[in-house]
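The values are calculated or read from the model by the stated rules, or taken from the named source; none is laboratory data. It should be emphasised that the depicted structure is a prediction, and the values quoted were computed from it without experimental measurement. Please note: Cβ atoms are built from the backbone with ideal geometry, for glycine as well, and neighbour counts cover all protein chains shown.
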Amino acid sequence: IVIMVTPLTSLILSFLCVTFVNGTDDILVGCGGFVKSDVEINYSVIEIKLYTKQGSLKYQTDCAPINGYFMIPLYDKGDFVIKIEPPSGWSFEPTTVDLHVDGITDICTKEQDINFIFTGFSVLGTVLSKGHLLGPAGVEVSLRKVGEDDVLQSVLTQAGGQYTFLKFCSKKTWFTIFVPSQSSTTVVVSNENAPAAAPLVVKGYDVSGEVQSDSEPMKGVSFLLYSASVTQEVKVDFFFFFFFFFFLDVCMLMHCVCIVCLRRSKYLSFFYPYSLSCLFEFWLLLSIHLVALFNFGRSSIESEPALVLGPLRSNEEQRWELQLLEIAAHKKEREERGDENSPPVEEKPDELHEPFRYEFSYWARAGEKITVTPSSKEFLFYPPEVDATITGENCPGQMVEIAGRAGLFLTGQVSPTLEDVEISIKKRGATTPLITVLTDETGTYSVGPLHSDSLYDISASKEGFVLTAVEGNTGAFKAFALAGISFEIKAEDGVPLSGVLLSLSGANFRSNMLTQDTGLLTFNNLSPGQYYFKPMMKEFRFEPSAQMITLEEGQVLHIPITGFKTAYSCYGTVQSIGGDAEQGVAVEAVGQGECGVYSEDTVTDEEGRFRLRGLRPGCNYNIQLRGEGTDHIERALPPHKTIEVGSTDIEGINIIAFRQINQFDLSGNVITSPEHLPTLWVKLYKRDNPDNPFQSVSLGQSLFFHFAPLPREGESYVLMLDTSLSHSQYDYKLPQVSFTVVEYIKNITDYYLLSFKAQRRIPDQDVAQGSFIALPLTLLLLLAVYNHERVIPLLLQLVSQIQGVRGLAQASGDGLPVDEAKRQSKRPKTRRT
């Protein structure tokens with residue numbers, strides 16, 4: 001049975017996670033959840049703490065004692081850690097939860113619970129060594145259930161002989177703790193850490209060693225172990241413990257038998273009345289069904305949509321009603337005749353026998369389609385309607401046959417008597433109500449007829465009331481008037497406090513709401529029961545700080561709360577050198593001197609503003625940019641600013657941030673002679689691609705080179721000189737430099753010497769060519785000497801011709817036309833006689 005409390009429940013539950021982003025003074029998000037346990041634990045001794053990634057404590061709170069609920073307000077985006085800190089020996093999973101709060105996708109903004117599950121208590125004890133005050137370390141201790149042989153856990157003792165078994169979450173279980181072959185003790189775990197009944201005593205230790213001779217092991221060596229004083233102890237406690245546990249088991253058995261007997265006697269004392277009541281209810285229900293079946297003939301059958309054909313009566317009913325009329329008429333005749341003193345005449349109509357048949361007729365046109373739909377306040381019909389089409393020119397006779405069966409009626413009552421309670425009937429598994437009715441002035445309702453072959457869920461609701469189903473009485477509800485709480489939160493000077501987060505939780509209820517300018521918060525439509533409230537706002541302490549309250553039925557409480565200022569804020573901005581706002585920059589306040597344990601941090605908003613909350617009065621803080629989260633900032637001016645916190649907030653702390661340059665400039669000089677500069681190139685390669693140059697620069701007439709800016713991403717490069725000089729004519733070496741981009745500017749000359757020297761090679765190829773020509777010339781000379789009589793006249797004639805050509809050239813060079821000079825050179829020579 002589903003119980004709807006009030007329509008306002010959804011509005012209240014919409015505040016399960018508080019999210020505001022309207023300014024630096026508002027709560028950004030609230031992170032909440034539960035500490036859960038299958039066994040009863042004291043939630044109030046558990047603390048939930050919020051830390052930064054650097055380990056600074058941002059906030060701490062306790063849990064609601066009734067259900068373990070907690071709520072932590074977050075004022076900044078960033079990375080945080082939520083940690084549970086229970087009493088020593090208590091185990092939880094998980095112990096920490098990492099948060100990345102971005103106001104969009106984090107689990108707090110998405111209103112998801114952060115839960116810590118209790119996994120158990122600890123079993124504690126000590127192992128002592130006979131004759132020593134301190135227990136030994138490294139002794140193996142085991143634990144098992146009493147009466148069982150399986151070892152559940154084994155641990156080693158720590159310094160002082162202490163041992164701890166973790167994660168025991170059971171209801172009153174006996175365990176045996178023992179050191180194998182030494183001693184044992186018992187412990188019972190219920191709802192807290194369990195100390196062992198007695199310390200374990202180690203009465204002896206194993207002695208081991210080895211014998212060597214010249215670093216070689218020796219075998220066959222016999223040993224005798226002596227003791228100055230040997231005492232023998234008789235373990236008489238075994239029978240005592242055996243008898244003790246036997247006695248305990250007998251007592252527990254008798255206790256169980258007594259409880260069973262008492263319960264059975266209780267059942268027996270109420271068995272017969274309870275059974276008679278059940279029989280009476282069953283008989284009454286059966287009689288109602290029989291009456292309904294008997295009255296089947298008194299239902300009406302209608303035909304839609306043409307006209308209503310009923311109420312219809314069967315032939316049996318008509319005959320029965322006619323008999324009633326005749327009996328009444330006979331009685332009236334006797335009264336008129338004065339037969340009152342005559343013996344009475346008993347006349348009764350014939351009994352009606354089911355099933356009854358209801359006949360109807362309807363004159364229709366040929367081709368007309370009709371729909372017949374029967375209805376009744378007590379019966380359901382199968383099928384619920386029938387379609388028929390008239391065909392032919394003759395009367396078709398009987399065309400419609402519908403069977404009726406008695407329906408199911410759901411009845412109930414709301415107590416105490418409550419009118420206008422909304423009762424909703426749903427088919428099992430359906431999402432929308434099938435029927436909705438209201439209770440009458442007596443608080444009762446009746447719904448039907450319904451199909452008896454289906455299952456139904458019944459729910460009840462009324463504004464301002466909680467309605468719970470009465471166990472064992474289907475359809476009956478008990479009503480409780482809802483209660484309310486009004487909180488009024490003011491500062492110590494009486495001014496209403498806005499922005500206070502108030503967490504209210506009950507057994508099955510939780511809500512977190514922020515106060516507005518009036519400082520008022522009202523929670524209406526609350527069920528009677530216990531509630532736990534806690535006001536929260538950074539820099540304020542509240543009285544009462546937290547409280548458990550009990551709401552009676554229909555009660556409205558008014559609770560005043562006073563806030564006391566305990567810390568202050570520092571306001572400021574972070575801007576670039578050009579006056580632009582620096583968004584998302586991490587700013588921190590680091591305590592100095594005795595306040596060095598305190599620190600606060602935040603991030604700037606879209607306008608570069610920041611607010612450092614929770615600064616303690618009387619402390620000095622350094623306001624500075626935080627190292628983590630400011631990788632894009634190279635430096636700040638001033639690097640830090642020291643403030644002293646008094647009794648007011650501090651404003652006007654402005655910081656100028658210088659952004660880091662995300663590019664790398666590469667330049668340098670080449671040392672070489674000017675004649676080689678036009679032939680030189682400086683080429684840049686990526687280390688993982690040495691075949692293709694990334695950039696190339698020609699020196700031209702300058703020794704200086706400069707590359708286009710490179711991305712500052714930690715890439716590795718190789719710088720190399722190249723030249724157009726041929727290796728066949730010059731002898732030289734090409735220097736290269738490897739480096740990684742981690743700085744902003746790099747001048748290669750400052751780190752490496754880029755020098756280029758080229759030396760011309762000796763012309764070996766000319767000498768070789770002359771050597772090859774000398775041999776033919778020598779042969780020609782020898783041939784000329786041998787034929788000198790013929791060779792000399794030829795040489796003289798050749799020389800004469802050469803001189804003639806030279807003279808002709810000289811004449812043309814003195815101003816004669818070229819053609820004329822040629823003609824003169826062609827004139828025949830005069831032979832001398």
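Considering only the range 119-129, I want to know if a residue exists there that is modelled with pLDDT of 90 or more and out of contact with any helix residue (DSSP H, G or I) (no Cβ under 6 Å at 6 or more places or on another chain). The answer is no, given that none of the residues of the range 119-129 is modelled with pLDDT of 90 or more and out of contact with any helix residue (DSSP H, G or I) (no Cβ under 6 Å at 6 or more places or on another chain).
Conditions tested, residue by residue: (1) exposed (fewer than 12 other Cβ atoms within 10 Å of the Cβ); (2) in contact (Cβ under 8 Å) with a residue 24 or more places away in the chain; (3) of a type outside the set (S, T, N, Q).
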{"position": "Ala329", "(1), (2), (3)": "yes, no, yes"}
{"position": "His353", "(1), (2), (3)": "yes, yes, yes"}
{"position": "Ala364", "(1), (2), (3)": "no, yes, yes"}
{"position": "Gln413", "(1), (2), (3)": "no, yes, no"}
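Matching residues to (1) under 18 Å from the mean Cα position of the chain (by Cα); (2) assigned by TED's automatic domain parsing to the domain that holds Asp601; (3) surrounded by fewer than 18 Cβ atoms within 10 Å (Cβ to Cβ):
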| position | (1), (2), (3) |
| --- | --- |
| Gly78 | yes, no, no |
| Trp90 | no, no, no |
| Gly120 | no, no, no |
| Ser129 | no, no, yes |
| Gly147 | no, no, yes |
| Gln158 | no, no, yes |
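In a residue-by-residue description of the range 501-520, the property of being surrounded by fewer than 16 Cβ atoms within 10 Å (Cβ to Cβ), in a strand (DSSP E or B) and assigned by TED's automatic domain parsing to the domain that holds Phe34 applies to at least one position.
Here is the figure for the range 770-783: residues that are modelled with pLDDT under 60 and surrounded by 10 or more Cβ atoms within 10 Å (Cβ to Cβ) total 0. Residues that are within 30 Å of Asp62 (Cα to Cα) and out of contact with any Cys (no Cβ under 9 Å at 6 or more places or on another chain) are absent from the range 136-145 altogether.
Number of residues in the range 658-688 that are part of a loop (DSSP other than H, G, I, E, B) and within 30 Å of Leu637 (Cα to Cα) equals 3. Here Thr126 fulfils each of the conditions (1) farther than 30 Å from Gly68 by Cβ; (2) touching a Phe, Trp or Tyr at 6+ places or on another chain (Cβ under 6 Å) apart from (2). Among the residues of the range 344-377, those that are outside any loop (DSSP other than H, G, I, E, B) and closer than 18 Å to Pro311 by Cβ comprise Val372, Thr373, Pro374. The set of residues in the range 637-672 being free of Cβ contacts under 8 Å to residues at least 24 places away in the same chain and either farther than 30 Å from Lys565 by Cβ or in contact with a Gly (Cβ under 6 Å, 6 or more places away or on another chain) (or both) consists of Leu637, Pro639. Out of the residues in the range 532-558 that are closer than 29 Å to Arg613 by Cβ and hydroxyl-bearing (Ser, Thr, Tyr), which is surrounded by the most Cβ atoms within 10 Å (Cβ to Cβ)? Selected residue: Tyr532. Of the residues contained in the range 552-569, none is found to be within 24 Å of Phe34 (Cα to Cα) and aliphatic (A, V, I, L, M).
From the list Leu502, Leu521, Leu557, Leu526, the lone residue that is at pLDDT 85 or above and over 33 Å from the mean Cα position of the chain (by Cα) is Leu557. Restricting Ala567, Ala491 to residues that are buried (at least 16 other Cβ atoms within 10 Å of the Cβ) and of a type in the set (A, V, I, L, M) narrows the list to Ala567.
Would you say Asp62 is among the acidic types (Asp, Glu), at negative phi, in contact with an Asp or Glu (Cβ under 6 Å, 6 or more places away or on another chain) and not assigned by TED's automatic domain parsing to the domain that holds Ala197? Criteria met by Asp62. Could we say that Asp605 is surrounded by 15 or more Cβ atoms within 10 Å (Cβ to Cβ) and among the acidic types (Asp, Glu) here? When the stated conditions are applied, Asp605 passes them.
One line per residue, one yes/no per condition, for (1) modelled with pLDDT of 90 or more; (2) surrounded by fewer than 18 Cβ atoms within 10 Å (Cβ to Cβ); (3) out of contact with any Lys or Arg (no Cβ under 6 Å at 6 or more places or on another chain):
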| position | (1), (2), (3) |
| --- | --- |
| Ser10 | no, yes, yes |
| Cys17 | no, no, yes |
| Ile27 | no, no, yes |
| Glu47 | yes, yes, yes |
| Leu50 | yes, no, no |
| Lys53 | no, yes, yes |
| Pro73 | no, no, yes |
| Thr105 | no, yes, yes |
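Within the range 533-557, residues that are not assigned by TED's automatic domain parsing to the domain that holds Pro73 have Cβ atoms under 8 Å from residues that are surrounded by 13 or more Cβ atoms within 10 Å (Cβ to Cβ) and of a type in the set (Val, Ile, Thr) in no pair, counting only partners at least 6 apart in sequence or on another chain. Exactly one residue among Leu418, Leu380 is under 25 Å from Ser446 (Cβ atoms) and either of a type in the set (Ser, Thr, Tyr) or assigned to a loop (DSSP other than H, G, I, E, B) (or both), and that residue is Leu418. Quick check: anything in the range 598-615 at pLDDT 90 or above, in the same structural domain as Glu644 (by TED's automatic domain parsing), more than 20 Å from Gly103 (Cβ to Cβ) and touching a His at 6+ places or on another chain (Cβ under 6 Å)? No, the range 598-615 contains no residue that is at pLDDT 90 or above, in the same structural domain as Glu644 (by TED's automatic domain parsing), more than 20 Å from Gly103 (Cβ to Cβ) and touching a His at 6+ places or on another chain (Cβ under 6 Å).
To keep it simple, each residue is scored yes or no on (1) closer than 30 Å to Phe360 by Cα; (2) touching a residue at least 60 places away in the same chain (Cβ under 8 Å).
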residue: Asn394; (1), (2): yes, no
residue: Pro449; (1), (2): yes, yes
residue: Val466; (1), (2): no, yes
residue: Glu471; (1), (2): no, no
residue: Ser486; (1), (2): no, yes
